[in-house]
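The values are calculated or read from the model by the stated rules, or taken from the named source; none is laboratory data. In this text, all values refer to a predicted model and were calculated from it rather than measured experimentally. Heads up, the Cβs are rebuilt from the backbone with ideal geometry, glycines too, and the neighbour counts pull from every protein chain shown.
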Amino acid sequence: MSLSYRMTSKLVRSFLAIAVFSMISVTMISAFAQTSSATAPADGAAASPAASPAPSAPVVTGTGSKLGTINIEQAVMGSNEGQRDFDALKKKLEPKQNELKAQNDELESLQKQLQTQGDKLNEDARATLVKQIETKKKSFDRSVQDAQEDFQNQQKEIFQRILQKMAPVIVKHAQEGGFAMVMDTSNPWPQSPLLWYGDQGDITKAVIDIYNAQSGVAAPTAAGASTKPATPRPAAPKSTTPPK
(Lines give C-alpha, C1' and ligand atoms only; values in the text may rest on other atoms or scores of the structure.)
Protein backbone atom coordinates (compact mmCIF):
# COMPACT_ATOMS: atom_id res chain seq x y z
CA MET A 1 0.00 0.00 0.00
CA SER A 2 1.44 3.40 -0.97
CA LEU A 3 2.38 6.09 1.51
CA SER A 4 -0.04 8.55 -0.07
CA TYR A 5 -2.96 6.13 0.22
CA ARG A 6 -2.11 5.34 3.86
CA MET A 7 -2.37 9.06 4.45
CA THR A 8 -5.79 9.31 2.79
CA SER A 9 -7.11 6.31 4.72
CA LYS A 10 -6.25 8.09 7.96
CA LEU A 11 -8.84 10.71 7.16
CA VAL A 12 -11.58 8.43 8.53
CA ARG A 13 -9.59 7.74 11.70
CA SER A 14 -8.61 11.32 12.22
CA PHE A 15 -7.68 12.55 15.67
CA LEU A 16 -8.68 15.79 17.32
CA ALA A 17 -6.05 18.49 17.22
CA ILE A 18 -5.34 18.37 20.95
CA ALA A 19 -3.45 21.65 21.17
CA VAL A 20 -6.36 23.55 19.61
CA PHE A 21 -9.00 21.88 21.75
CA SER A 22 -6.98 22.27 24.94
CA MET A 23 -7.10 26.02 24.41
CA ILE A 24 -10.84 25.82 23.72
CA SER A 25 -11.45 23.73 26.85
CA VAL A 26 -9.43 25.95 29.21
CA THR A 27 -11.12 29.08 27.86
CA MET A 28 -14.64 27.67 27.96
CA ILE A 29 -14.41 26.05 31.39
CA SER A 30 -12.66 29.07 32.92
CA ALA A 31 -15.34 31.37 31.54
CA PHE A 32 -18.09 29.16 32.94
CA ALA A 33 -16.39 28.92 36.33
CA GLN A 34 -16.10 32.70 36.47
CA THR A 35 -19.76 33.09 35.52
CA SER A 36 -20.99 30.49 38.01
CA SER A 37 -18.98 32.01 40.88
CA ALA A 38 -19.85 35.63 40.09
CA THR A 39 -22.08 37.59 42.47
CA ALA A 40 -25.73 37.51 41.46
CA PRO A 41 -27.12 40.87 40.24
CA ALA A 42 -29.06 43.03 42.65
CA ASP A 43 -32.84 42.86 42.64
CA GLY A 44 -34.25 44.65 39.64
CA ALA A 45 -30.96 44.70 37.84
CA ALA A 46 -30.92 42.98 34.52
CA ALA A 47 -28.41 40.18 34.22
CA SER A 48 -25.99 40.91 31.41
CA PRO A 49 -25.30 38.07 28.98
CA ALA A 50 -22.10 36.12 29.57
CA ALA A 51 -19.26 37.58 27.57
CA SER A 52 -17.64 35.45 24.93
CA PRO A 53 -14.60 33.67 26.45
CA ALA A 54 -11.31 35.30 25.55
CA PRO A 55 -8.25 33.19 24.76
CA SER A 56 -6.40 34.82 27.67
CA ALA A 57 -9.05 33.99 30.28
CA PRO A 58 -7.34 32.94 33.53
CA VAL A 59 -7.88 29.50 35.02
CA VAL A 60 -10.25 29.82 37.97
CA THR A 61 -9.40 27.84 41.10
CA GLY A 62 -11.91 26.56 43.59
CA THR A 63 -12.12 26.98 47.34
CA GLY A 64 -11.39 23.35 48.20
CA SER A 65 -8.05 21.79 49.05
CA LYS A 66 -7.68 18.89 46.60
CA LEU A 67 -5.89 18.89 43.26
CA GLY A 68 -7.54 17.00 40.43
CA THR A 69 -7.03 16.12 36.78
CA ILE A 70 -9.27 15.50 33.79
CA ASN A 71 -8.54 14.44 30.25
CA ILE A 72 -10.85 16.80 28.38
CA GLU A 73 -10.27 15.10 25.05
CA GLN A 74 -11.11 11.70 26.52
CA ALA A 75 -14.13 13.08 28.36
CA VAL A 76 -15.65 14.60 25.22
CA MET A 77 -14.82 11.72 22.88
CA GLY A 78 -15.58 9.06 25.48
CA SER A 79 -19.06 10.35 26.22
CA ASN A 80 -21.97 8.60 24.56
CA GLU A 81 -22.73 11.74 22.60
CA GLY A 82 -19.11 12.13 21.52
CA GLN A 83 -18.85 8.53 20.36
CA ARG A 84 -22.11 8.84 18.44
CA ASP A 85 -21.24 12.12 16.72
CA PHE A 86 -17.62 11.31 15.86
CA ASP A 87 -18.66 7.91 14.55
CA ALA A 88 -21.25 9.64 12.36
CA LEU A 89 -18.57 11.99 11.08
CA LYS A 90 -16.33 9.03 10.25
CA LYS A 91 -19.12 7.44 8.21
CA LYS A 92 -19.82 10.76 6.52
CA LEU A 93 -16.20 10.88 5.37
CA GLU A 94 -16.17 7.45 3.73
CA PRO A 95 -17.33 8.67 0.28
CA LYS A 96 -14.59 11.30 0.28
CA GLN A 97 -12.04 8.68 1.30
CA ASN A 98 -13.12 6.47 -1.59
CA GLU A 99 -12.86 9.41 -3.96
CA LEU A 100 -9.34 10.21 -2.78
CA LYS A 101 -8.35 6.57 -3.07
CA ALA A 102 -9.53 6.51 -6.69
CA GLN A 103 -7.50 9.63 -7.46
CA ASN A 104 -4.47 8.15 -5.75
CA ASP A 105 -4.79 4.84 -7.62
CA GLU A 106 -4.98 6.65 -10.95
CA LEU A 107 -1.92 8.74 -10.09
CA GLU A 108 0.08 5.68 -9.05
CA SER A 109 -0.90 3.89 -12.24
CA LEU A 110 0.44 6.76 -14.34
CA GLN A 111 3.63 6.93 -12.27
CA LYS A 112 4.16 3.21 -12.75
CA GLN A 113 3.58 3.61 -16.47
CA LEU A 114 6.24 6.33 -16.60
CA GLN A 115 8.71 4.21 -14.67
CA THR A 116 8.23 1.08 -16.76
CA GLN A 117 7.65 2.58 -20.22
CA GLY A 118 9.25 5.98 -20.03
CA ASP A 119 12.41 5.00 -21.88
CA LYS A 120 10.33 3.43 -24.67
CA LEU A 121 8.20 6.53 -25.34
CA ASN A 122 9.15 9.21 -27.80
CA GLU A 123 9.95 12.65 -26.44
CA ASP A 124 6.50 14.14 -27.03
CA ALA A 125 4.62 11.16 -25.55
CA ARG A 126 6.88 11.12 -22.49
CA ALA A 127 6.47 14.87 -21.95
CA THR A 128 2.69 14.52 -22.21
CA LEU A 129 2.66 11.73 -19.60
CA VAL A 130 4.87 13.69 -17.23
CA LYS A 131 2.59 16.73 -17.59
CA GLN A 132 -0.47 14.57 -16.93
CA ILE A 133 1.09 13.18 -13.75
CA GLU A 134 2.00 16.64 -12.49
CA THR A 135 -1.51 17.97 -13.14
CA LYS A 136 -3.23 15.05 -11.41
CA LYS A 137 -0.82 15.23 -8.50
CA LYS A 138 -1.62 18.91 -7.93
CA SER A 139 -5.33 18.12 -8.08
CA PHE A 140 -4.91 15.21 -5.65
CA ASP A 141 -2.89 17.28 -3.18
CA ARG A 142 -5.52 20.03 -3.29
CA SER A 143 -8.30 17.52 -2.68
CA VAL A 144 -6.48 16.01 0.30
CA GLN A 145 -5.84 19.43 1.84
CA ASP A 146 -9.46 20.52 1.36
CA ALA A 147 -10.73 17.26 2.88
CA GLN A 148 -8.45 17.61 5.88
CA GLU A 149 -9.48 21.21 6.53
CA ASP A 150 -13.16 20.37 6.19
CA PHE A 151 -12.82 17.37 8.51
CA GLN A 152 -10.90 19.31 11.15
CA ASN A 153 -13.48 22.10 11.08
CA GLN A 154 -16.27 19.60 11.61
CA GLN A 155 -14.33 17.95 14.43
CA LYS A 156 -13.87 21.29 16.15
CA GLU A 157 -17.58 22.04 15.86
CA ILE A 158 -18.53 18.72 17.46
CA PHE A 159 -15.92 19.04 20.18
CA GLN A 160 -16.86 22.60 21.09
CA ARG A 161 -20.59 21.86 21.03
CA ILE A 162 -20.23 18.95 23.47
CA LEU A 163 -17.75 20.75 25.70
CA GLN A 164 -20.11 23.74 25.90
CA LYS A 165 -22.60 21.44 27.62
CA MET A 166 -20.00 19.47 29.58
CA ALA A 167 -18.25 22.50 31.12
CA PRO A 168 -20.94 23.08 33.80
CA VAL A 169 -20.73 19.39 34.75
CA ILE A 170 -16.96 19.61 35.21
CA VAL A 171 -17.13 22.78 37.30
CA LYS A 172 -20.01 21.55 39.46
CA HIS A 173 -18.34 18.18 40.10
CA ALA A 174 -15.06 19.88 41.00
CA GLN A 175 -16.76 22.31 43.38
CA GLU A 176 -18.80 19.62 45.10
CA GLY A 177 -15.75 17.37 45.32
CA GLY A 178 -13.71 19.95 47.20
CA PHE A 179 -11.15 20.56 44.46
CA ALA A 180 -9.02 23.69 44.52
CA MET A 181 -7.81 23.10 40.96
CA VAL A 182 -8.41 20.67 38.10
CA MET A 183 -5.82 20.40 35.33
CA ASP A 184 -6.31 19.06 31.80
CA THR A 185 -4.10 16.05 30.99
CA SER A 186 -4.96 15.85 27.26
CA ASN A 187 -1.47 17.04 26.37
CA PRO A 188 1.55 15.14 27.75
CA TRP A 189 4.58 16.90 29.17
CA PRO A 190 6.42 18.94 27.84
CA GLN A 191 3.47 20.19 25.74
CA SER A 192 1.76 20.93 29.05
CA PRO A 193 3.25 21.97 32.40
CA LEU A 194 1.90 18.87 34.15
CA LEU A 195 4.89 16.57 34.67
CA TRP A 196 3.31 13.70 36.64
CA TYR A 197 -0.04 12.79 38.14
CA GLY A 198 -1.72 9.77 39.69
CA ASP A 199 -5.16 8.27 39.12
CA GLN A 200 -6.51 9.16 42.55
CA GLY A 201 -7.54 12.70 41.63
CA ASP A 202 -8.67 12.01 38.06
CA ILE A 203 -12.32 12.93 37.53
CA THR A 204 -12.57 12.02 33.83
CA LYS A 205 -14.73 8.91 34.27
CA ALA A 206 -16.95 10.56 36.86
CA VAL A 207 -17.60 13.50 34.54
CA ILE A 208 -18.35 11.15 31.62
CA ASP A 209 -20.82 9.16 33.74
CA ILE A 210 -22.60 12.30 34.98
CA TYR A 211 -22.72 13.81 31.51
CA ASN A 212 -24.05 10.59 29.96
CA ALA A 213 -26.83 10.48 32.55
CA GLN A 214 -27.78 14.10 31.88
CA SER A 215 -27.52 13.95 28.08
CA GLY A 216 -29.84 10.97 27.74
CA VAL A 217 -27.79 9.67 24.79
CA ALA A 218 -27.64 5.88 24.81
CA ALA A 219 -24.30 4.10 24.83
CA PRO A 220 -23.20 2.98 21.36
CA THR A 221 -23.20 -0.70 20.54
CA ALA A 222 -19.87 -2.51 20.64
CA ALA A 223 -19.76 -2.71 16.84
CA GLY A 224 -20.41 1.00 16.45
CA ALA A 225 -18.25 2.24 19.29
CA SER A 226 -15.78 4.87 18.20
CA THR A 227 -12.09 4.32 18.47
CA LYS A 228 -9.66 7.13 19.04
CA PRO A 229 -8.77 8.43 15.59
CA ALA A 230 -5.30 9.48 14.49
CA THR A 231 -4.23 12.92 13.39
CA PRO A 232 -4.30 13.37 9.64
CA ARG A 233 -0.75 14.07 8.53
CA PRO A 234 -0.09 14.99 4.90
CA ALA A 235 2.22 12.40 3.40
CA ALA A 236 5.15 13.40 1.28
CA PRO A 237 4.03 12.94 -2.34
CA LYS A 238 5.92 10.61 -4.58
CA SER A 239 8.41 12.22 -6.87
CA THR A 240 7.23 12.73 -10.41
CA THR A 241 10.68 13.47 -11.75
CA PRO A 242 11.09 11.44 -14.94
CA PRO A 243 13.64 8.65 -14.66
CA LYS A 244 16.86 9.33 -16.47
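A few comments on the model shown:
- Thr135 being surrounded by 17 or more Cβ atoms within 10 Å (Cβ to Cβ) and of a type in the set (Ser, Thr, Tyr): no
- Selection within the range 152-167: residues that are out of contact with any helix residue (DSSP H, G or I) (no Cβ under 6 Å at 6 or more places or on another chain) and of a type outside the set (S, T, N, Q). The member of this set that is nearest to Gln214 (Cα to Cα) is Lys165.
- Residue tally, condition over 41 Å from the mean Cα position of the chain (by Cα) and touching a residue at least 12 places away in the same chain (Cβ under 8 Å), over the range 98-139: 3
- For the range 185-244, a residue qualifies if it is among the β-branched types (Val, Ile, Thr) and either closer than 30 Å to Thr135 by Cα or at pLDDT 90 or above (or both), and the qualifying residues are Thr185, Ile203, Thr204, Val207, Ile208, Ile210, Val217, Thr231, Thr240, Thr241.
- Single residue of the range 171-200 satisfying the filter (touching a helix residue (DSSP H, G or I) at 6+ places or on another chain (Cβ under 7 Å), of a type outside the set (D, E, K, R) and within 30 Å of Lys91 (Cα to Cα)) that is surrounded by the fewest Cβ atoms within 10 Å (Cβ to Cβ): Asn187
- Criterion applied to Glu81, Glu108, Glu94 was being surrounded by 13 or more Cβ atoms within 10 Å (Cβ to Cβ), over 30 Å from Asp199 (Cα atoms), among the acidic types (Asp, Glu) and at pLDDT 55 or above, and the one residue passing it is Glu108.
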